[in-house]
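See structure below.
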Amino acid sequence: MAKNTTMKLFDVYPLNNITITKALGSNVWDENGTKYLDMYGGHAVISIGHTHPHWVKRIEEQLHKIAFYSNSIQIPIQRQLAEKLGQVSGKEDYQLFLCNSGAEANENALKLASFYNNRKKIIAFNKSFHGRTSLAVAATDNPKIVAPVNETDNVIFLPYNDEAALEQCFAEQGNEISSVILEAIQGVGGIVVASKSFLQKIRSLCNQYNAVFIADSVQDGYGRSGQFFAHDYAGTTADIYTMAKGMGNGFPIGGILIAPHIQPKHGMLGTTFGGNHLACAAALAVLEVMDEESLIEQAKETGAYLLSRLLTIEGIENVRGRGLMIGFDVPEDIKELRKNLLNNSHIFTGEAKPNVIRLLPSLAITKDQVDQFLEALEKEIAAIKYQVKVGEVSIA
Ligand SMILES: Cc1ncc(COP(=O)(O)O)c(C=O)c1O
């Protein structure tokens, strides 16, 4: 007899009641044809714009040739990707290892660091987010998502941007520290920007103690900050950069860039799906478009414009960020703002608990679209403050 039940999805996401069926550039459309402006980039993933024609074409063409074969054969498109990534990021002397997600990239980076210096301790920072797999989640400062099996004494959490605390930790345990992992701009933590001197201090202490500086660039990397890697704005470099979100513009791919002094050994790292033909085609298309359309420069300019305009808007607080990774605090009296932006003005934004709106649009967002957002933001703030519906009454 047929069973009277259907399989349910494992309910872990609080969902908006919106079904998106179409996307182009910085716009998406729901099943009823309502158009939305995407200031969230599908969680910082959309780098070159939704369904960019070059990206679609490259994936399509690859699909007709070969989508996947294991890492046991020559895969020239991986080398093409490495070459292009070296050129666009300026890290030509680094080595590329490909995987599938941000957590996996961090997992591999932390493991590789430990192989490199044969040590166990990791320094991570308060409010950090590095992913949900075993070591990545252990280095994430959110006890609610750390299962008992993930708990370890190997991770030391320090306050972000606190040079004295970092120095003291190295002075006490420097010879046990394998790696320091840090987001240059904390994303889930609420858009917190590392100071130049803090980044420089990490670099110099890692040099002094032979520890590995891991730049978690999963969210703030790939041009989002207005330069390829946000960490490099202090004039320093990291030993390993981890990447994912913007890398495939929505096609799942992650990777790590590894400095030349860290040497590979066969079998040290590995993956079934990482670096498959189709993912490499998507990632190559992203870099080609970034290069062709000067999107990193554009992100820097559009981001500076957005930030400067936000600073003049009354009602929101603590506007901060770099490039197109911007946040601001939403005071209690307008706490409905994000919901209203979505439901009334049809604009997606990101959030960080408890009261931060995060803006993570495509690097290709236009100034006109930014103006559209700013206008809606002002209207929605006024509407909440004066308890009127947008468009109903002019606000004197
Ligand atoms: C800084 C940072 N690192 C790592 C991750 C984990 O990436 P993924 O969800 O692809 O595993 C995220 C995801 O939000 C992130 O923001």
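The values are calculated or read from the model by the stated rules, or taken from the named source; none is laboratory data. Owing to the predicted nature of the structure, the values given are computational and were not obtained by experimental measurement. Neighbour counts run over all protein chains shown; Cβ positions are idealised from the backbone, glycine included. Remember, those area values only see protein heavy atoms, side chains included, never the ligands or the DNA or RNA. Shrake-Rupley method; radii C 1.70, N 1.55, O 1.52, S 1.80 Å.
Taking Leu182 as the residue in question, decide whether it is within 20 Å of Gly235 (Cβ to Cβ) and either within 16 Å of the ligand (Cβ to nearest atom) or in contact with a helix residue (DSSP H, G or I) (Cβ under 8 Å, 6 or more places away or on another chain) (or both). First the steps, then the outcome.
On the way: within 20 Å of Gly235 (Cβ to Cβ): yes; either within 16 Å of the ligand (Cβ to nearest atom) or in contact with a helix residue (DSSP H, G or I) (Cβ under 8 Å, 6 or more places away or on another chain) (or both): yes.
The answer is yes for Leu182.
From the list Phe115, Phe129, which residue is of a type in the set (Phe, Trp, Tyr) and part of a helix (DSSP H, G or I)?
Phe115
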*Can you name the residue in the stretch 213-232 that is within 12 Å of the ligand (Cβ to nearest atom) and either free of Cβ contacts under 8 Å to residues at least 24 places away in the same chain or in a helix (DSSP H, G or I) (or both) and, of all such residues, is farthest from the chain's Cα centre (by Cα)?*
His231
_1 or more residues charged (D, E, K, R): qualifying strands (runs of 3 or more DSSP E) within the stretch 1-112_ = 20-24, 27-30, 35-38
_Condition broken by Asn210, with the remaining ones in (1) in contact (Cβ under 8 Å) with a residue 60 or more places away in the chain; (2) under 21 Å from the mean Cα position of the chain (by Cα); (3) open to solvent by 10 Å² or more (accessible area, probe 1.4 Å) satisfied_ = (2)
*Do you know which residues across the stretch 67-121 are aromatic (Phe, Trp, Tyr) and exposed (fewer than 14 other Cβ atoms within 10 Å of the Cβ)?*
Phe68, Tyr69
*Counting only residues that are at positive phi, give me the strands (runs of 3 or more DSSP E) lying completely in the stretch 307-364 with at least 2 of them.*
317-322
*Note down all Cβ pairs under 6 Å where the first residue falls in the stretch 182-200 and is under 16 Å from Tyr222 (Cα atoms) and assigned to a loop (DSSP other than H, G, I, E, B), the second is open to solvent by 10 Å² or more (accessible area, probe 1.4 Å) and within 12 Å of the ligand (Cβ to nearest atom), and they're at least six residues apart or on different chains.*
Gly187/Gln219
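Looking for whichever is surrounded by 14 or more Cβ atoms within 10 Å (Cβ to Cβ), of a type outside the set (A, V, I, L, M, F, W, C) and within 17 Å of the chain's Cα centre (by Cα) here; the options are Gly274, Gly303. Which one fits?
Details: Gly274 fails: within 17 Å of the chain's Cα centre (by Cα).
Going through Gly274, Gly303 in turn, just one is surrounded by 14 or more Cβ atoms within 10 Å (Cβ to Cβ), of a type outside the set (A, V, I, L, M, F, W, C) and within 17 Å of the chain's Cα centre (by Cα): Gly303.
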_Can you confirm whether Leu269 is under 30 Å from Gln62 (Cβ atoms) and open to solvent by 10 Å² or more (accessible area, probe 1.4 Å)?_
yes
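Taking the conditions exactly as written (at pLDDT 95 or above, among the acidic types (Asp, Glu) and within 17 Å of Ile181 (Cβ to Cβ)), does Glu83 satisfy them or not?
Details: at pLDDT 95 or above: yes; among the acidic types (Asp, Glu): yes; within 17 Å of Ile181 (Cβ to Cβ): no.
Against the criterion (at pLDDT 95 or above, among the acidic types (Asp, Glu) and within 17 Å of Ile181 (Cβ to Cβ)), Glu83 does not qualify.
Can you pull out every residue in the stretch 233-250 that is on the phi > 0 side of the Ramachandran plot and within 16 Å of the ligand (Cβ to nearest atom)?
Just the residues of the stretch 233-250 that are on the phi > 0 side of the Ramachandran plot, to begin with: 235, 249-250.
Matches in the stretch 233-250: Asn249, Gly250.
Determine whether Val193 is within 15 Å of Ala215 (Cβ to Cβ), in contact with a Gly (Cβ under 8 Å, 6 or more places away or on another chain) and modelled with pLDDT of 95 or more.
Working: within 15 Å of Ala215 (Cβ to Cβ): yes; in contact with a Gly (Cβ under 8 Å, 6 or more places away or on another chain): yes; modelled with pLDDT of 95 or more: yes.
Here the answer is yes, as Val193 does meet what is asked.
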_Filter result (within 18 Å of Asn318 (Cβ to Cβ) and either within 19 Å of the chain's Cα centre (by Cα) or of a type in the set (A, V, I, L, M, F, W, C) (or both)) within the stretch 355-372_ = Val356, Ile357, Arg358, Leu359, Leu360
*Which of the residues that make up the stretch 172-201 are of a type outside the set (Ser, Thr, Tyr), over 21 Å from the mean Cα position of the chain (by Cα) and open to solvent by less than 40 Å² (accessible area, probe 1.4 Å)?*
Gly174, Ile177
